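Read-outs: derived from the displayed coordinates by stated rules, not from any lab. Worth saying up front: this structure is predicted, and the values here are computed from it rather than measured. Cβ placement follows ideal geometry from the backbone for every residue including glycine, while neighbour counts extend to all protein chains displayed.
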Amino acid sequence: MPDKMMTKAEREIRLEGGWDIVSREQEKYVAIQNRDLSGVGSLKSAEDVKDVTGGEALLRKLTEPYRGKLVLLDIWGTWCRPCKEALSHSHALFERMRPYGVVFLYLANGSAEDSWKNVIKQYDVLGDNVVHYNLPDDQQQAIEQYLGVNSFPSYRLIGVDGHVLDVNADPRNLGALEGLVKRLVLPEQ
């Protein structure tokens, strides 16, 4: 909260222990907001694709550097409670998928730059195999239209050849996702 609101809250909160709760939460969120992400390789610039139009072309360009690996695409928004709930379990997902070399590509829908970065910081959704884009609305919509996205979060699995696979790749069911990825990466087992 802005300083002015915090001052007012301190004056007016009467509930026993209420102020302590509010001030601890404020400290937590200020620390998140102040965390420096400069130099973090996970956050990518939309400049990389500024001249690309069309959902299929955009998705191909974004996933091109990861050919030869499976890419789990997560389309989410800072305004989406289920999206943030899923992001809160990212480290379990990353750890479980580590043996398979999966790349995690996150595309934010309709999310202001500061909010986007703060959610990424809050849930520490960062890593060597994690990529985030906050594309301009027209490009984001083009990708979502191409993929037929109609709910959030929305997940797609991109094969090693760069094609979108027709499979259920929802990391909220981690066991099923791991089984699917294992079959794709280690088909002889």
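Taking the Cα centre of the range 72-155 as origin and assigning +1 to Lys and Arg Cβ atoms and -1 to Asp and Glu Cβ atoms, the resulting dipole is close to 260 debye. Each of (1) 44, 33, 29; (2) 64, 40, 33; (3) 45, 42, 38 is a candidate for Cα extents along the principal axes in Å; the one calculated from this structure is (2).
Of all trypsin sites (Lys or Arg not before Pro) in the range 65-116, which ones are in loop regions per DSSP and have a Cβ with at most 14 other Cβ atoms within 10 Å? Filter output for the range 65-116: Arg67. By the count of neighbouring beta-carbon atoms within 10 Å, fewest first, Ile75, Ile21, Ile13 end up ordered Ile21, Ile13, Ile75. The distance separating the Cα centre of the range 1-80 from that of the range 127-189 comes to 20 Å.
As a proxy for reagent exposure, Leu59, Leu184, Leu72 were ordered by neighbouring Cβ count within 10 angstrom, fewest first; the result is Leu184, Leu72, Leu59. Between helix 174-185 and the chain there is an angle of about 30 degrees, using the helix long axis and the longest principal axis of the Cα atoms. Note the angle between two axes, namely the Cα long axis of helix 3-12 and the longest principal axis of the Cα atoms of the chain, as a number of degrees from 0 to 90, rounded to the nearest 10. With rounding to tens, the tilt is 50 degrees. Between the Cα long axis of helix 18-34 and the first principal axis of the chain there is an angle of about 40°, rounded to the nearest 10.
Counting every other Cβ atom within 10 Å of each residue's Cβ, Leu186, Leu73 order from fewest to most as Leu186, Leu73.
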